[in-house]
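What follows is a set of notes on a single structure, which appears directly below.
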Amino acid sequence: ETGVTQSPTHLIKTRGQQVTLRCSSQSGHNTVSWYQQALGQGPQFIFQYYREEENGRGNFPPRFSGLQFPNYSSELNVNALELDDSALYLCASSLGDRGLSPLHFGNGTRLTVT
Amino acid sequence: AQTVTQSQPEMSVQEAETVTLSCTYDTSENNYYLFWYKQPPSRQMILVIRQEAYKQQNATENRFSVNFQKAAKSFSLKISDSQLGDTAMYFCAFMKQGGTALIFGKGTTLSVSS
């Protein structure tokens with residue numbers, strides 16, 4: 001069973017740039033959720049994708065967007081990067097979209113915005 | 001809106017001892033799930049234990065058990081026979097039934113020493 005994999009592991013960008021983070025879900029999972037974890041804080045929900053559609057969104061601006069592909073892998077795109085976007089971005093996959101199936105997390109992508 | 005509060009930023013314990021991590025939450029929902037996640041330095045968020053609010057019996061997973069007090073909105077984690085590998089950040093999290101987002105607390109850093 002392949003777990004959740006995220007790429008890249010680390011990334012440094014400049015304010016105003018755009019970034020794409022990638023996530024491969026665990027085999028058999030059809031739901032992907034993205035979380036932002038600032039240093040020393042708990043993760044905050046960005047959005048969830050279920051069967052290629054956005055299925056729920058947290059309190060993040062529209063410059064945070066995503067995609068889910070037919071193989072259930074996913075991308076998180078952030079435009080017009082700000083210094084406060086520096087964080088660990090976690091992807092989690094699950095089966096179904098309503099909390100019945102446990103979330104399996106990847107190791108995250110550490111984004112630094114300078 | 002739901003909130004999760006972990007009032008202990010840091011805790012330390014000796015190997016083989018027992019430690020309890022506290023968590024309180026606020027919600028107007030009647031049906032929901034509560035979780036404890038562990039995040040070691042590898043950054044991967046690992047599910048430790050899960051509790052359904054409709055179940056009165058406290059969940060247990062080997063050395064890990066919870067004390068779920070629904071009326072008090074309290075959900076503490078007890079780790080028995082602590083091991084060095086238990087050293088990690090521990091997050092309490094909430095998800096309403098039918099929801100898509102995990103709401104995390106700020107975490108408790110647990111250090112287990114020999």
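The values are calculated or read from the model by the stated rules, or taken from the named source; none is laboratory data. This is a predicted model, so every value here is computed, not measured. All Cβ positions, even for glycine, are placed from backbone atoms using ideal geometry, and neighbour counts span all protein chains on display. Note: accessible area is taken over every heavy atom of the protein model, side chains too, but ligands, DNA and RNA are not part of it. Shrake-Rupley method; radii C 1.70, N 1.55, O 1.52, S 1.80 Å.
Things to note:
- Share antiparallel - DSSP beta bridges, the protein assembly as shown, percent rounded to 5: 90
- When B and A come together, around 1800 square angstrom of accessible surface is lost from both chains combined, probe 1.4 Å.
- Most positive-pole-ward Cα, A:G108, B:T60, A:G96, against dipole of the protein assembly as shown from beta carbon charges: A:G96
- The lysine pair tally for the protein assembly as shown, using Cα distances under 22 Å and a gap of 8 or more places or different chains, is 15.
- For A:S101 and A:E52, the FRET efficiency from 1/(1 + (r/R0)^6), where r spans their Cβ atoms and R0 equals 22 Å, is about 0.80.
- Solvent-accessible surface of chain A, taken per residue with a 1.4 Å probe and all protein chains present: 47 Å².
- Of the residues B:V48, B:I103, B:T24, the one whose Cα sits farthest toward the positive end of the charge dipole of chain B, with +1 on the Cβ of Lys and Arg and -1 on the Cβ of Asp and Glu, is B:I103.
- Neighbourhood charge, 11 Å Cβ-Cβ cut-off, centred on A:L67 and excluding it, Lys, Arg +1 and Asp, Glu -1: -3
- Shielded by partner chains, the range B:71-98 residues - at least 30 Å² of accessible area, 1.4 Å probe, vs chain alone: B:M95, B:G98
- Tail beyond 18 Å, pair distance distribution of the range A:53-102 (Cα, percent): 39
- Reported to the nearest whole Å, the Cα centre-to-centre distance from the range B:13-71 to the range A:1-22 is 30.
- FRET efficiency for A:Q17 and A:N59, using Cβ-Cβ distance with R0 set to 25 Å, rounded to 0.05: 0.65
- Per residue, chain B exposes an accessible area of 48 Å² to a 1.4 Å probe, with every protein chain left in place.
- Cut-off 15 Å between beta-carbons: net charge of the residues surrounding B:D26, Lys and Arg +1, Asp and Glu -1: +3
- Share of alpha-carbon pairs per 10 Å distance bin for chain A, given as whole %: 16, 51, 29, 5
- The range B:54-71 - phi-based ³J(HN,Hα) in whole Hz, Karplus 6.51/-1.76/1.60, Gly and Pro as x: 7, 8, 6, 6, 6, 6, 9, 9, 6, 7, 9, 9, 10, 10, 9, 10, 5, 5
- A simple rule links phi to the HN-Hα coupling: the Karplus curve 6.51 cos²θ - 1.76 cosθ + 1.60 with θ = phi - 60°, which for the range A:47-52 gives 6, 10, 10, 10, 6, 6 Hz, with x for Gly and Pro.
- Cα-centred dipole magnitude for the range B:42-107, charges only on beta-carbon of K, R (+1) and D, E (-1), debye, nearest 20: 260
- Residues B:A16 and B:A72, FRET efficiency given R0 of 25 Å [Cβ-Cβ distance, rounded to 0.05]: 0.25
- Stokes-Einstein D in µm²/s, Kirkwood radius over Cα pairs - chain B at 4 °C with 1.567 mPa s viscosity: 92
- Under-5 Å amide H pairs with B:M89, H placed in peptide plane, nonlocal only: B:Q39, B:L110
- ³J(HN,Hα), Karplus 6.51/-1.76/1.60, whole Hz, each residue of the range A:89-94, x for Gly, Pro: 9, 10, 10, 9, 10, 7
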